[in-house]
Amino acid sequence: MTHIVCFHLYNDFSGSPIVLRMVLDGLLQHGYQVDLVTSDGGVLDTLQGRERFRKHSYTYRFSPNPIATMLRYMAVQCYTFCLALRWAFRKDVVFYVNTLLPVGPALAGRLMGKRVVYHYHENAHVKGVFYQSLAWMMQRLAHEIICVSHYQAASLAAGSKVRVVPNALPETFVDRMRPDAQKSYDNRNILMIASLKSYKGVREFMELSARMPDYRFTLVLNDSQTNINDYIKTHRLEGVIGRNLTVYPRQSDVAPFYTRASVLLNLSDRTRVIETFGMTVLEAMSAGLPVIVPTEGGVAELVCDGENGYRIDVGDMDRIERRLKEMFLQKNLYIRLSEKALQYARKFDSTSILRQIECVLEESL
């Protein structure tokens, strides 16, 4: 029996732990033994109680103080480095490192002679010196690197040990979607699901809602209500928010938001961050929703301009507004975009993608 020891730093409800949960669930179904080392409080907690699964938990939180955050991060790396030593004498173990951040256990695995597989979700070369340093270390510690897009893989110099395996959605999520283009069109509801970061287009989405008072806007932010309130106050956004906009804090289940939406926006500013993939975009397309995304990055690989949505940068707000209005003024256009979005989403079959990841892990034995 193959034994997978997986390390993931921060267990929340964002894209990378959602993908990891799907992967680990598939591995467990195929008979693997899985040990997961991660923090408490997120989507990965739902794996508890599964046969052949064990979770090793610690407490981890981000802090507004970057020094405090870095100290916590370093403490976790020391702890997980030491914890990894418990598998020193197991011969059938593969270390599966999710994201760049768990460098401590990756180093421990390499020192112990274990096979180390990274699942790389970030875009390190645009995120600053810290992430660039982690990417440099990954390329030296990993035996295999799984990238989620061709854009992301092109930034690495690791050569043959890089595999491109795009993300997919769990079948349990897809099965809950009930695509209905007519109903979605009638909803007149424009949705964005994002982190509470200025480069994610939070202000721009709020401004767009004020510019389009005849449509409903829904913003789901992956943060607490307290932090959202502080952000709005600090950035003086009270006067920007239109009456047609509803803002929600972090949600454990976002599926209902897609069923009530008409269009999904990703307004990430490509001059400040480039998305390596777009889980919310894929989720939206599985519900038959047209999408608008930036023109560059892995997220742009999900969209064929004019077929299942549009590629428009957040700096061109006038064009975004025009495209949205066109969709709702031309019902046939909306229906066509909706049908194509659903077709594109079906290309990202979870069974096929899980098989590819499993092959990478098996080759590492």
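The values are calculated or read from the model by the stated rules, or taken from the named source; none is laboratory data. Small disclaimer: the values here were computed from a predicted structure and weren't measured. Note that each Cβ is placed from the backbone with ideal geometry, even for glycine, and that neighbours are counted across all protein chains shown. Areas reflect the complete protein model, heavy atoms only, side chains present, ligands, DNA and RNA absent. Shrake-Rupley method; radii C 1.70, N 1.55, O 1.52, S 1.80 Å.
Please return the ranges of helices (runs of 4 or more DSSP H) entirely within region 294-365 where 1 or more residues are among the β-branched types (Val, Ile, Thr), farther than 22 Å from Glu275 by Cβ and touching a residue at least 24 places away in the same chain (Cβ under 8 Å). Don't jump to the end; show me each part of the working.
Details: elements: 317-329, 331-345, 350-363.
In region 294-365, the matching helices (runs of 4 or more DSSP H) lie at 331-345, 350-363.
Filter region 154-194 down to the residues that are modelled with pLDDT under 95, open to solvent by 20 Å² or more (accessible area, probe 1.4 Å), polar (S, T, N, Q) and under 25 Å from Leu221 (Cβ atoms) and list them by number. Scanning region 154-194 gives a single hit, Thr172.
Residues checked against (1) under 14 Å from the mean Cα position of the chain (by Cα); (2) without any contact (Cβ under 8 Å) to a residue 24 or more places away in the chain:
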position	(1), (2)
Val5	no, no
His8	yes, no
Gly15	yes, no
Gln33	no, no
Asp45	no, no
Arg54	no, yes
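Quick check on Arg61: is it in contact with a Leu (Cβ under 7 Å, 6 or more places away or on another chain) and modelled with pLDDT under 95? No: the conditions fail for Arg61. With respect to being closer than 18 Å to Asn167 by Cβ and open to solvent by less than 30 Å² (accessible area, probe 1.4 Å), Ser16 fits the description. Scanning region 313-339 for residues that are within 17 Å of Phe217 (Cβ to Cβ) and either among the basic types (Lys, Arg) or within 20 Å of the chain's Cα centre (by Cα) (or both) gives Val314, Arg322, Arg323, Lys325.
Filter region 244-261 for residues that are closer than 12 Å to Met177 by Cβ and not in a loop (DSSP other than H, G, I, E, B); which is most open to solvent (accessible area, probe 1.4 Å)? Across region 244-261, the extreme among qualifying residues is Thr259.
Just checking, which of Tyr73, Tyr131, Tyr96, Tyr151 is open to solvent by less than 60 Å² (accessible area, probe 1.4 Å), among the aromatic types (Phe, Trp, Tyr) and not in a helix (DSSP H, G or I)? Walk me through it before giving the result.
Details: Tyr73 fails: not in a helix (DSSP H, G or I); Tyr131 fails: not in a helix (DSSP H, G or I); Tyr151 fails: not in a helix (DSSP H, G or I).
Residue meeting the stated conditions: Tyr96.
As a summary of the residue check, Leu282 satisfies the conditions (1) open to solvent by 10 Å² or more (accessible area, probe 1.4 Å); (2) within 19 Å of the chain's Cα centre (by Cα) except for the one numbered (1). Just one of the listed residues (Asp214, Asp223) is in a loop (DSSP other than H, G, I, E, B), crowded, with 16+ Cβ neighbours inside 10 Å and of a type in the set (Asp, Glu), and it is Asp223.
When you go through Thr234, Thr280 one by one, which is the residue that is closer than 23 Å to Glu122 by Cα, of a type outside the set (Gly, Ala, Ser) and out of contact with any Ser or Thr (no Cβ under 8 Å at 6 or more places or on another chain)? So that I can check it myself, show each step before the final result.
Numbers: Thr234 fails: closer than 23 Å to Glu122 by Cα.
Exactly one residue qualifies, and that residue is Thr280.
Looking at region 173-198, which of its residues are of a type outside the set (D, E, K, R), over 18 Å from Ser14 (Cβ atoms) and not in a loop (DSSP other than H, G, I, E, B)?
Narrowing region 173-198 to residues of a type outside the set (D, E, K, R): 173-174, 177, 179, 181-182, 184-185, 187, 189-196, 198.
Adding the requirement that they be over 18 Å from Ser14 (Cβ atoms) leaves 174, 177, 179, 181-182, 184-185, 187, 189-190.
Matches in region 173-198: Val174, Ala181, Gln182, Ser184, Tyr185, Asn187, Asn189, Ile190.
Selection of region 56-70 for residues being open to solvent by 60 Å² or more (accessible area, probe 1.4 Å), closer than 18 Å to Ser16 by Cβ and free of Cβ contacts under 8 Å to residues at least 40 places away in the same chain yields only Arg61.
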